[in-house]
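Have a look at the structure below, then the notes.
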Amino acid sequence: MKYLLLDVAGTILYKPDLFNKIDETLRNHGYIVALDKLKYNHKLLSEVIKFPDRTGVEFYTDFNSELLYSLGIIPTDALLDAIFQSCSYLPWEKFDDTKILNEIKIPIGIISNFNSSLEKKLNEFFGPVFSDIFVSEEIGISKPSAAFYQKALDEINVNPKDILYVGDSFKLDLEPSRALGINSVIIDRDSFYLRNSNTIQSLSELKNLI
């Protein structure tokens, strides 16, 4: 491989307090849901509901309503507001296994459905290690559009078969990138999916793939 391309949210960055905050809010309202169930349902909804580049109260009201319905909970205004208030502006953190990126000797790029604050955020966590950063809000195209991936390919100027791409969504990442000939895998740290050749469980496995 000559180039490593990465997704961001759920792949190299996450919000470690998110599910604990949702769990705490549900418990305060008399609902006890297994944390694994909460994470799994949230993941499934994230596969079918597209996140905008910039999220807000309207989006999360709709998303969290669907999440609550999937858990068998009626989404009242009070509960939705409490979840939004407890989960707004939670800090991002990098996954522990991203330390492997310091050992990668080929160029590393980013392609993400995110807003224009992404480059600054990445620099805060990783320093200037990324050769290219493709952000949906800035380009005006977002995943799962193949045109977004084609834009990155045109800029990178590396043969797709020489690129390894890692994302966390079969719908947004794996399918559209593979359609363009990119070698792609899904990072599945929580074992949501069947273990197979499409998935890895840690970024440490990149050593074997590159």
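For the subset of the range 116-155 comprising residues that are in a helix (DSSP H, G or I) and polar (S, T, N, Q), which member is nearest to K2 (Cα to Cα)?
So, considering only residues that are in a helix (DSSP H, G or I) and polar (S, T, N, Q), the one nearest to K2 (Cα to Cα) is Q150.
Give just the number: which of (1) open to solvent by 80 Å² or more (accessible area, probe 1.4 Å); (2) without any contact (Cβ under 8 Å) to a residue 40 or more places away in the chain; (3) within 14 Å of the chain's Cα centre (by Cα) does D62 not satisfy?
(3)
Which one of these does S204 not meet: (1) among the hydroxyl-bearing types (S, T, Y); (2) open to solvent by 10 Å² or more (accessible area, probe 1.4 Å); (3) without any contact (Cβ under 8 Å) to a residue 24 or more places away in the chain?
Unmet for S204, out of (1) among the hydroxyl-bearing types (S, T, Y); (2) open to solvent by 10 Å² or more (accessible area, probe 1.4 Å); (3) without any contact (Cβ under 8 Å) to a residue 24 or more places away in the chain: (3).
Within the range 89-105, track down each residue that is closer than 24 Å to S136 by Cα and either open to solvent by less than 30 Å² (accessible area, probe 1.4 Å) or at pLDDT 95 or above (or both).
If the condition is that a residue be closer than 24 Å to S136 by Cα and either open to solvent by less than 30 Å² (accessible area, probe 1.4 Å) or at pLDDT 95 or above (or both), then L90, P91, W92, E93, K94, F95, T98, L101 are the ones that fit.
Would you mind telling me which numbered condition in (1) farther than 13 Å from I111 by Cα; (2) touching a residue at least 24 places away in the same chain (Cβ under 8 Å); (3) open to solvent by less than 40 Å² (accessible area, probe 1.4 Å) I210 fails?
Going through the list (1) farther than 13 Å from I111 by Cα; (2) touching a residue at least 24 places away in the same chain (Cβ under 8 Å); (3) open to solvent by less than 40 Å² (accessible area, probe 1.4 Å), I210 breaks only (3).
Only residues that are of a type in the set (G, A, S) and either part of a strand (DSSP E or B) or within 16 Å of I141 (Cβ to Cβ) (or both): list them for the range 172-187, please.
Listed by number, the residues that qualify are S177, A179, S184.
Specify the residue that is nearest to the chain's Cα centre (by Cα); the eligible residues are those in the range 135-166 that are acidic (D, E) and loosely packed, with under 15 Cβ neighbours inside 10 Å.
Within the range 135-166, the match that is nearest to the chain's Cα centre (by Cα) is E138.
The values are calculated or read from the model by the stated rules, or taken from the named source; none is laboratory data. The structure displayed is predicted, hence computed values, not measured ones. Cβ atoms come from the backbone with ideal geometry, glycine included; neighbour counts cover every protein chain shown. Heavy atoms of the whole protein, side chains included, go into the accessibility calculation; ligands, DNA and RNA do not. Shrake-Rupley method; radii C 1.70, N 1.55, O 1.52, S 1.80 Å.
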